[in-house]
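Following: one structure in structure tokens, then a few remarks.
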Amino acid sequence: MMLPTLPAVLRQPLASLGSAAWTAVAGTVAAYGASKLLNSLVLGNPLVSAGRSWDWTKEIVLITGGSSGIGRAMVDAFVQYNVRVVVLDQHLPDAKRPFPEGVTFYAVDLTAEEHVHTVAEWVRHDVGDPTVLINNAGITNGGKSLFELTADEVRRVFGVNAIAPMTMVREFVPAMAARDHGHVVTMASMASFVVIAGNVDYSCTKASVMALHEGLTQDLRHRYNARSVRTTYVLSTPLLGGLTETRDFNDHVLKPETVALAVVKQVLSGCSGQIVLPRAISWVSMIRSFPFWLQERMRDSKADTLRALAT
């Protein structure tokens, strides 16, 4: 078997492969291609449907927690594409960096459901029904252990991270389902799958929003026949600035712009998706399939990661 295009170091080993080995290689390649095709069909192939239905001069993107961090970076990126953006946040943007033209801001406490409903009515009246919802707002309790947390702190982190995304879905996604057009982005976390010391409350909330994403996808498909409403989840390492200042911290801490641009690209594609950043740790979502002893060793190895934040 002649393999003139391969380096000599590879040519002989490949040439010596038997027919069974080549069959296995071909099967692996075929399976990979089939998997990509199935992903494309399930997540929404733009060549089939999405490409004809999105007009970004008319779409409205609503971002919670858009005054700072990843949310603000997403706002700035969408504006570059002349997309109208609505921001819901308890905090005003930095006075030195006001929102650009094309952005409408509403101050709201996302944990106050009645207030959220009132603001949602304002949004619909002033701007229109959002066609993209990005549940981005999130908080932490600074690495406190479970016993150190107060009842108010627990309620607050669940209110912002877990209950508010569901409230936003109930407010804005019915209109998307009725039109069979829209996109919901859920900002989950590696903490959805891996719980370490000092991160119990936060991990509980991120496991919750992961379930929300999966359940919403199923409801849209099977209860509302809204198969063109896209759903995307984002898994990333925490963006905790304080950690980067500790000498022993060596995890993959991402810049807000990195995550934001990945989300914007996915939304503009018109397809559902799974965004894992950095990709080098995408295997973490499989940790629960590992032997119990290995799972515990992996969690133990990060036991002191958040200690610096709690001191």
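The values are calculated or read from the model by the stated rules, or taken from the named source; none is laboratory data. Here the structure is a predicted model, which means the values were calculated and not measured. Using ideal geometry, Cβ is built from the backbone for each residue, glycine included, and neighbour counts are taken over all protein chains shown.
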If I ask for residues that are surrounded by fewer than 18 Cβ atoms within 10 Å (Cβ to Cβ) and either touching a residue at least 12 places away in the same chain (Cβ under 8 Å) or acidic (Asp, Glu) (or both), which ones from segment 164-176 would you list? Met166, Ala175
Number of the exception - Ser203 against (1) in a helix (DSSP H, G or I); (2) closer than 19 Å to Gly273 by Cα; (3) modelled with pLDDT under 95: (2)
When you look at Glu257, is it under 16 Å from Met187 (Cβ atoms), among the charged types (D, E, K, R) and part of a helix (DSSP H, G or I), yes or no? yes
Among the numbered criteria (1) farther than 16 Å from Met176 by Cα; (2) under 23 Å from the mean Cα position of the chain (by Cα); (3) small (Gly, Ala, Ser), which one does Ala120 miss? (1)
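For residues that are assigned to a loop (DSSP other than H, G, I, E, B) and at negative phi, scanning just segment 150-188, find the one that is nearest to the chain's Cα centre (by Cα).
It comes out as Ala188.
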Being of a type in the set (Gly, Ala, Ser), assigned to a helix (DSSP H, G or I) and buried (at least 19 other Cβ atoms within 10 Å of the Cβ) is true for just one of Ala120, Ala137. Which residue is that? Ala120
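Taking the options Pro130, Pro100, name whichever one is exposed (fewer than 13 other Cβ atoms within 10 Å of the Cβ), closer than 22 Å to Val267 by Cα and either without any contact (Cβ under 8 Å) to a residue 60 or more places away in the chain or in contact with a strand residue (DSSP E or B) (Cβ under 7 Å, 6 or more places away or on another chain) (or both).
Being exposed (fewer than 13 other Cβ atoms within 10 Å of the Cβ), closer than 22 Å to Val267 by Cα and either without any contact (Cβ under 8 Å) to a residue 60 or more places away in the chain or in contact with a strand residue (DSSP E or B) (Cβ under 7 Å, 6 or more places away or on another chain) (or both) holds for just one of Pro130, Pro100, which is Pro100.
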